[in-house]
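The values are calculated or read from the model by the stated rules, or taken from the named source; none is laboratory data. Keep in mind that what you see is a predicted model, and the values were worked out from it rather than measured. Neighbour counts are summed over all protein chains in view; Cβ atoms, including those assigned to glycine, are modelled from backbone coordinates with ideal geometry.
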Amino acid sequence: MKISRREAIKLGLAGTGVLLSPLGFPGIATALSPQIPRFQQTFRTPPVLKPVRSDETTDYYEITIKKSLVEILPGLKTEIWGYNGIAPGPIIRQIGGKRSEEGRQSVVRFINKLGQDPQGRPINAVIHLHGMASLPQYDGYAIDYVPPEHFKDYIYPNDRAATLWYHDHVQDLTSRNVYMGMSGMYIVEDKFELDLPLPKGKYDVPLIIQDGRFATDGRLIFDDDNQRNLYGDVILVNGVPWPQMQVANRKYRFRILNASVSRNYQLALSQKAERLTIGERLIVIASDGGLLGEPVELTTPLQTLGVGVAERYDVIIDFSQYPIGSQVFLRNIGFTGSIDNDTRTHTIMRFDVVREEPDDSTIPSPLRPVESLTNKPITRTRTFRFERSNNQWLINGRSWDPKRVDANPQLGDVEIWNLVNPGSGWVHPVHIHLVDCQMLSRNGLQPRPYERGWKDVFMVGEFQTVRMITQFRTRQGDDIKGKFMMHCHNLVHEDHAMMTQFEVGEGGSDPVTTAPAQPISQMLPL
Ligand code: C2O
Ligand code: CU
Ligand code: CU
């Protein structure tokens, strides 16, 4: 008997990966990773990268992409391909904002020292700063390669405050490259936000969530289940498996980024590792494109935080509600359309409330006005269907072709896009480059309150239509023309080849030929 994966979920078999093997899911049944105890390793955050130089307007950074051997599982060595040889890469914290005010731009030089992959092919890199309104030649276009022994200087305008991330975007191989380590957080702050009384400094903490699967010798196993999904059975936070973090009994801001290849999360706090307790609160203050209009409080068990691949949500956790000595777990109660073959992925990390500390932070309401785009005249509506057919991932029946443009909005146009997932069994976290957007509805219903801010990724669930609105001009009013990608951010779907592109206006700079990578032999100091 063959059963579909959807039936497997209904039958509750999804939690027993090994049993599924004879039933026709080769990838799902991959052996489990070494069963290390959870919540033993100390939480840490990636280092903050210092600029190599700064001048009046610009901060200059340098990152070398290279292989290295690191200890992820205790006592084992894992080869990663990482920015500066670490995974996730270093954090970039940049002061941004309007150019006319305090905004600063940055130049990040990426140097490719990756060499060859195990098949003897050169490992090209493409770096995309997800969430930044960059010019086409700096946006990480999928075939704008930085080959090994080459470098490229990417220019970023940092025009607004938000939690962003940089990651690899090579055509056909993004899932492998990101899985091997190529992702990092990039935080833009501006004066408005820094002046708010929110938790800051060491109380403003990145949480980069990923999953991996490891062989008994520590190697990362890349298994995308015949180009369908890649699910690991080890949860990593900032590269550490199921960490435990010691916290004070006060408020913290956590910048949550889902940098997994395929896994979507549904997050909630709990006082128990294996089930939800009632009345635990997460307060969401920001989405992909920056602060929400007002904070959104989510209380267990009914309200949880869905974080699809590539989404960012900043949350406040107030540990003052827990006595010293408490343990609080960040749980993942799972997502329809995701398959977990190991229930250990249902808990992400543990917070140990270990000390008292004063807290002068507060959560203002309103946070920052979000001007509704629906007040502007709407130029047109488009519909994009994200479908599986003939074992291919398609958008409006077609797969990625860099020579084809599927939409040509003009500068300043306001458009409504319907993102449609007509099928079952798959969730598509759809990402649009360049623009910040606002969700209007999901299947005709109001978006969840925490989805009502600026967004660049939309979770489109089974049989769902997400309606969103955007304007083809940056939030600060800058005109950017040219070709930009849109794709499913399940990186396996993206690679095979659920991606398309739109072109804003006419005559924008060509993403491939305008600022090509240069050989390292020609590199001058920044
Ligand atoms: Cu986060 Cu086109 O990518
Ligand atoms: Cu992007
Ligand atoms: Cu998808």
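Worth pointing out:
- Top-ranked residue of the range 443-475 - restricted to ones that are within 16 Å of ligand 3 (Cβ to nearest atom) and over 18 Å from Glu415 (Cα atoms), ranked as farthest from the chain's Cα centre (by Cα): Phe463
- Test result for Glu71, within 21 Å of Ile520 (Cα to Cα) and acidic (Asp, Glu): no
- Checked against the criterion of being at positive phi, more than 16 Å from ligand 2 (Cβ to nearest atom) and at pLDDT below 95, the candidates Gly507, Gly425, Gly444 yield just one match: Gly425.
- Just one of the listed residues (Asp510, Asp478) is away from ligand 3 (no atom under 16 Å from the Cβ), assigned to a loop (DSSP other than H, G, I, E, B), closer than 29 Å to Asp172 by Cα and not assigned by TED's automatic domain parsing to the domain that holds Arg263, namely Asp510.
- Here the range 423-440 is the region considered, the condition is being assigned to a loop (DSSP other than H, G, I, E, B) and in contact (Cβ under 8 Å) with a residue 60 or more places away in the chain, and the residue that is nearest to ligand 1 (Cβ to nearest atom) is His433.
- Enumeration of residues in the range 298-321 that are more than 16 Å from ligand 1 (Cβ to nearest atom) and more than 17 Å from Ser361 (Cα to Cα): Leu298, Thr299, Thr300, Pro301, Leu302, Gln303, Thr304, Leu305, Gly306
- Subset of the range 359-373 that is out of contact with any Leu (no Cβ under 7 Å at 6 or more places or on another chain) and either small (Gly, Ala, Ser) or not in a loop (DSSP other than H, G, I, E, B) (or both) - its residue that is surrounded by the most Cβ atoms within 10 Å (Cβ to Cβ): Leu373
- Within the range 118-153, the residues that satisfy the criterion of being away from ligand 2 (no atom under 16 Å from the Cβ) and either basic (Lys, Arg) or touching a Lys or Arg at 6+ places or on another chain (Cβ under 8 Å) (or both) are Arg121, Val146, Pro148, Glu149, Phe151, Lys152, Asp153.
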